[in-house]
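The values are calculated or read from the model by the stated rules, or taken from the named source; none is laboratory data. As the structure is a prediction and not an experimental result, all values here were calculated from the model. Cβ coordinates were reconstructed from backbone atoms using ideal geometry, including for glycine residues, and neighbour counts include every protein chain displayed. Calculation scope for accessible area: heavy atoms of the full protein, side chains included, ligands and nucleic acids excluded. Shrake-Rupley method; radii C 1.70, N 1.55, O 1.52, S 1.80 Å.
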Amino acid sequence: MNLTEQQFFDDLEKKLWTAANKLLPSLDAAVYKHIVLGLLFIKYVSDAFEERQNELKAQFTDPAHDYYMNPAEYPGTFEADLAAELEVRDYYTEKNVFWVPSEARWPMLVACAQLLPGTALPWNQAGKNEPEKMRTVGWLIDNAMEAIERENEKKLKNVLNKNFANTQIESYKLAELMALFSDTNFHATEYKGQPLSLKAKDILGHIYEYFLGQFALAEGKKGGQYYTPKAIVSLIVNMLQPFKGRVYDPAMGSGGFFVQSEEFIEQHSGKVAQGSGNKASGQISVYGQESNPTTWKLAAMNMAIRGIDFNFGGGHADTLLNDLHPDLRADYVMANPPFNMKEWWNAKLEKDPRWIAGTPPAGNANFAWLQHMLYHLAPTGSMALLLANGSMSSNTNNEGDIRKKLVEDDYFECMVALPGQLFTNTQIPACIWFLTRDKANGFNLNKKKRDRRKQFLFIDARQMGYMKDRVLRDFTQADIDKIADTFHAWQQGDEYGDVKGFCYSASLEDIRKHEHVLTPGRYVGAEDQEEDAEAFADKMARLAAQLAEQFAESAKLEEQIKTNLARLGYDL
């Protein structure tokens, strides 16, 4: 993203978030997010439909195009026949554009939303028998959602939120929110005189992700259940580099890893596969699972806005108890599951084939998630998993034995220790585990990785990043590049070198000496400190003199205060 695009997005984000909060200041973020994101979804599918319709209209009236309709062949009926041809569904679905029925198209919705609540809506014959009180703007939006889902059932079945009428939000506020999105130029081609090469899909997708992040901040702990900070997701994606194949997230939340994977591919001149399961050069297909039904819908809408085909198992389900992708072997697995989840065990899991390195403890699901992901890796697959720091060293209830086996069997590849305060929902320190089934001869963009068997990389990033506000830390792009480049240099053997306090390439013997504890700080050591040019004796003399001056100044101030108080009649 260039500077002009970044400034454009910054201004747009601020404008929309500020305006939306003014309209609905009293709503809980958990309710508010479904309203705003639902409207953004309708706006997106309607804009994409209109864009395709305008493209078709130009083709139908272009004598040089195969779709040309010669007015001479439609005497007196050309306009009507052209309008009818523009309503042929196949023209849209062939370009992977959602079919949007007339009652759900944004211009129609906005026009009808300006009517007073209770006014009859003659364009919608399906609703003419509804009670007058039902014909509110909320009912109008629900009706549009139902129509879009019904007409695109294969991709959107049970995905869309159809509960606007029951949110108790006044119709005029919903109408104003719709007007706000209508007044926003999602088709901008320039910003402050500078050209923009963004499509409406890019802009709406960015805003959708921005709003997800803002709602996660507003919801605090609950928000973290569906949103992983973008910098962490970007770091993992840049380290794994998912250029092609199957990408799987078993705790997908709102789908952030898939979004970042798509952006990574586009930045490297690739494309996302149109059709999950379709594996071709430069393409990915996405698979995910999520237990929370509303979060599952957020993820599905997130994919739909970006035109990413997906397989999320048809609905929400508990990944550890009900694996919806039992036969999947993914090329890349990425996840941020709940840390230290206690209530997860079921007796039926006792001899589960996923427990490659040992049965995880019933009171903590960390190593259940890790082994579930490892089980779903393809023979040359790689994975990254965010876990609480305790996973690197705990020996409680078989965890130490599992960790030891992961190392000894050479699945473990790299550990990254993260700084604190990166997450909106927890202050628990976290780390990123990188594992792979292929440390011998993996490939990356046809560049052969070196044989890394019995070798392991440790990166200590605890001092990296910056405080973006009083409570949250973030990574810069330079931070992400430094960590990712170090990982890739180590994998490929290109100009890698240990850096005290930051990274260390360990042998199996190194890890055995530390009894299979994987905390990076044990391996990278302390950063070299610059030698102090001032002699110790000279420094002590200087500091003692400075302290004496400060004591003298303090005494002087104390006497002045006593004098001032005495003048006021107070004797100390």
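Residue by residue through segment 512-520, what is 3J(HN,Hα) from phi via Karplus (6.51 cos²θ - 1.76 cosθ + 1.60, θ = phi - 60°)? Round to whole Hz and write x for glycine and proline.
Each residue of segment 512-520 in turn: 4, 4, 9, 6, 6, 7, 10, 6, x Hz.
Assigning unit charges at the beta carbon (Lys, Arg +1; Asp, Glu -1) and nothing else, what dipole magnitude in debye, to the nearest 20, does segment 145-211 show about its Cα centre? Walk me through the intermediate numbers first.
Values: 9 positive and 10 negative charges, 50 e Å.
Magnitude of the dipole: close to 240 debye.
Using helices alone, what [θ] at 222 nm do you get for the chain, with -39,500 (n - 2.57) per DSSP H run of 4 or more residues, divided over all residues and rounded to the nearest 500? Walk me through the numbers on the way to the answer.
Details: 18 runs with 240 residues, N = 572.
One gets -13500 deg cm²/dmol as the mean residue ellipticity at 222 nm.
Roughly how many Å² is the accessible area per residue of the chain, as a whole number, for a 1.4 Å probe? Before the final figure, lay out each step's value.
Details: 27650 Å² over 572 residues.
Using a 1.4 Å probe on heavy atoms only, each residue of the chain averages 48 Å².
What's the extension gain from T563 to E146 if we count 0.36 nm per residue and subtract their Cα-Cα distance? Could the numbers behind the result be given before it?
Details: separation 417, 0.36 × 417 = 150.12 nm, distance 7.98 nm.
Between T563 and E146, full extension yields an extra 142.1 nm.
Just subtract the alpha-carbon distance of D90 and N322 from 0.36 nm times their residue separation and send over the number in nm, one decimal. If you can, show how the numbers build up before the last one.
Working: separation 232, 0.36 × 232 = 83.52 nm, distance 3.68 nm.
Full extension from D90 to N322 adds 79.8 nm.
Just check segment 397-518 against the gyration tensor rule for me: Cα atoms, a ≥ b ≥ c as the square roots of the eigenvalues, rounded for a/c under 1.5, and otherwise prolate or oblate depending on whether a/b exceeds b/c.
Numbers: a/c = 2.05, a/b = 1.29, b/c = 1.58.
The shape class here is oblate.
Measuring from label point to label point, each 7 Å out along Cα→Cβ, what is the R512 to D409 span in nm?
Calculated label separation equals 1.9 nm.
If the reach is capped at under 17 angstrom between alpha carbons, list the aspartates and glutamates near K342, excluding any in the same chain fewer than eight residues apart.
List returned: D318, E350, E399.
Net charge within 12 Å of I480 by Cβ-Cβ distance, Lys/Arg positive one each and Asp/Glu negative one each, not counting I480 itself?
Details: positive: K230, K482; negative: D474, D479, D481, D485.
Taking every Cβ under 12 Å from that of I480, the sum is -2.
Search the structure for amide H atoms under 5 Å from the amide H of G288, placed 1.01 Å from N in the peptide plane, and list their residues when 5 or more places away or on another chain.
Residues meeting the amide H criterion: D249, N311, F312, G313.
Relative contact order for the chain using alpha-carbon pairs under 8 Å, separation at least 6, rounded to a whole percent?
On the way: 862 pairs, mean separation 53.2, N = 572.
RCO, the chain: 9 percent.
Please give the length that would be gained between Y172 and E527 if that part of the chain were fully extended, namely 0.36 nm times their separation in residues minus their C-alpha to C-alpha distance (nm, one decimal).
Values: separation 355, 0.36 × 355 = 127.80 nm, distance 6.01 nm.
This chain segment gains 121.8 nm when fully extended.
Treating cross-link reach as a plain straight distance, find the lysines whose alpha-carbon is under 18 Å from the alpha-carbon of K162, omitting any fewer than eight places away in the same chain.
List returned: K33, K43, K133, K154, K173, K297.
Tell me which trypsin sites (Lys or Arg not before Pro) from segment 466-561 have a DSSP coil assignment and no more than 14 other beta carbons within 10 Å of their own. It would help to have the intermediate numbers written out before the result.
Working: sites: K468, R470, R473, K482, K500, R512, K513, R522, K539, R542, K556; in loops: K468, R470, K500.
For trypsin sites (Lys or Arg not before Pro) across segment 466-561 that sit outside H, G, I, E and B with at most 14 neighbouring Cβ atoms in 10 Å, the list reads K468, R470, K500.
Apply the Karplus parameterisation 6.51 cos²θ - 1.76 cosθ + 1.60, with θ equal to phi minus 60°, to every residue of segment 13-19 and state each ³J(HN,Hα) to the nearest whole Hz, in sequence, with x for glycine and proline.
Once rounded to whole Hz, the list reads 4, 4, 4, 5, 5, 5, 5.
What is the spin-label model distance, in nm, from E190 to K157 if the labels are put 7 Å beyond Cα along the C-beta direction?
4.8 nm
In the chain, what % of DSSP beta bridges are antiparallel (nearest 5)?
On the way: 24 of 42 bridges.
The antiparallel proportion sits near 55 percent.
Around F367, under 13 Å between beta carbons, what's the net of Lys plus Arg minus Asp minus Glu among the other residues? Let's see the in-between values first.
Working: positive: R354, R403, K404, K405; negative: D352, E399, D401.
Around F367, the charge tally is +1.
Along Cα→Cβ, 7 Å out, is where each label goes; now give me the distance between the ones at I356 and A535 in nm to one decimal.
It works out to 6.2 nm between the two label points.
Across the chain, where is the longest run that never hits GluC sites (Glu not before Pro) in a DSSP loop with at most 15 other C-beta atoms within 10 Å? Could you put the intermediate results ahead of the total?
On the way: sites that count: E87, E94, E170, E343, E350, E495, E515, E527, E530, E531, E534.
It works out to 171-342.
Which aspartates and glutamates, if any, have their Cα less than 16 Å from the Cα of K15, not counting same-chain residues under 8 positions apart?
Result set, ordered by chain and number: E5, E176, D183, E209.
Compute the FRET efficiency between D81 and A58 as 1/(1 + (r/R0)^6), taking r as their Cβ-Cβ distance and R0 = 22 Å, and round to the nearest 0.05. Each step should come with its number before you reach the end.
Numbers: r = 16 Å, r/R0 = 0.75.
The pair D81/A58 has a calculated efficiency of 0.85.
For H187, what charge total do you get from the other residues with a beta carbon under 15 Å from its beta carbon, if Lys and Arg give +1 and Asp and Glu give -1?
Spelling it out: positives minus negatives among the neighbours equals -4.
Can you order the peptides 318-331, 374-387 by their average number of other Cβ atoms within 10 Å per residue, highest first?
Working: 318-331: 17.1, 374-387: 21.1.
Highest-to-lowest ranking by the protection proxy: 374-387, 318-331.
When the accessible area of the chain is computed with all protein chains present and a 1.4 Å probe, what percentage of it is carbon and sulfur? Working shown, then result.
On the way: 13580 of 27650 Å².
About 49 percent, which is the carbon plus sulfur part of the accessible surface.
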